[in-house]
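The values are calculated or read from the model by the stated rules, or taken from the named source; none is laboratory data. The shown structure was predicted, so the numbers you read here are calculated from the model rather than taken from an experiment. No Cβ is skipped: glycine too gets one built from the backbone with ideal geometry, and neighbour counts run over all protein chains shown.
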Amino acid sequence: MNVKEYNQSVDLYSDHVFRFILKNIRDEERARDIVQDSYEKLWRNAGNVNADKVKSYLFTTAYHTMIDVLRKDKRQTFLEDYQIPEETHDEQYSDLTEILSEAVKRLPGIQRSVILLRDYEGYSYQEIGEITTLSEAQVKVYIYRARVFLKNYIGRMEVVL
C-alpha cells in the first residue's frame, strides 16, 4: 500500500468506521480516538496490507481496539458514571429513527456489533466473521437474536405510530 492508497482509504472509509464505532460505544471522543488509532496501525503496517483488503483491515482493527478500550474501562470505575437517573415518561414516540436507535443501544455488545456491520454497513456474514473472529454460524445466530430483540422491543407498527 502506498501513500496515495492510504489517503484514499481515509477519504473512503473513515466516516464508515467512525459511525460503526460510535454506534457501539456512543462516545464521540473515544470513537474518534479509536478511528485514529486504527489508521495509525494501518500506516505502520501499510507495507503488509493489500489495498484491496484495507476496508476489512480497518473495521477489524477498529473493532478489536474498541473491545480493548471497553475491557479497560470495565476494570476502572469512575465517579462520573454514577449519575442520578433522569425522569422517564410514558408518552408514545413517533420518531422511528429514535426508537430504533434506542433499541439498538439496548442490545448486548456483540449483537449490536454484528447487526451494525450487517444492516448499517452491508457486510456479508463471512466478512463479519472475519472482523469479529466469530464463525459464520455464530454471526448468523447473533444477528437472528438481535433482530428478534429489536422486533420485540419495537413491537407492532400500530403501537409506534
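Being farther than 23 Å from Asp119 by Cβ and either at pLDDT 90 or above or not assigned by TED's automatic domain parsing to the domain that holds Leu107 (or both), is that true of even one residue in the stretch 13-23?
First, the residues of the stretch 13-23 that are farther than 23 Å from Asp119 by Cβ: none.
No; the residues of the stretch 13-23 include none that is farther than 23 Å from Asp119 by Cβ and either at pLDDT 90 or above or not assigned by TED's automatic domain parsing to the domain that holds Leu107 (or both).
Take the residues in the stretch 72-118 that are within 19 Å of Ala146 (Cβ to Cβ) and modelled with pLDDT under 85; name whichever of them is surrounded by the fewest Cβ atoms within 10 Å (Cβ to Cβ).
Thr97
Could you run through the stretch 129-157 and say how many residues are farther than 15 Å from Lys105 by Cα, hydrophobic (A, V, I, L, M, F, W, C) and in a helix (DSSP H, G or I)?
5
Just the residues that are buried (at least 21 other Cβ atoms within 10 Å of the Cβ) and closer than 10 Å to Ile34 by Cα, please, taken from the stretch 44-68.
Listed by number, the residues that qualify are Thr61, Ala62, Tyr63, Met66.
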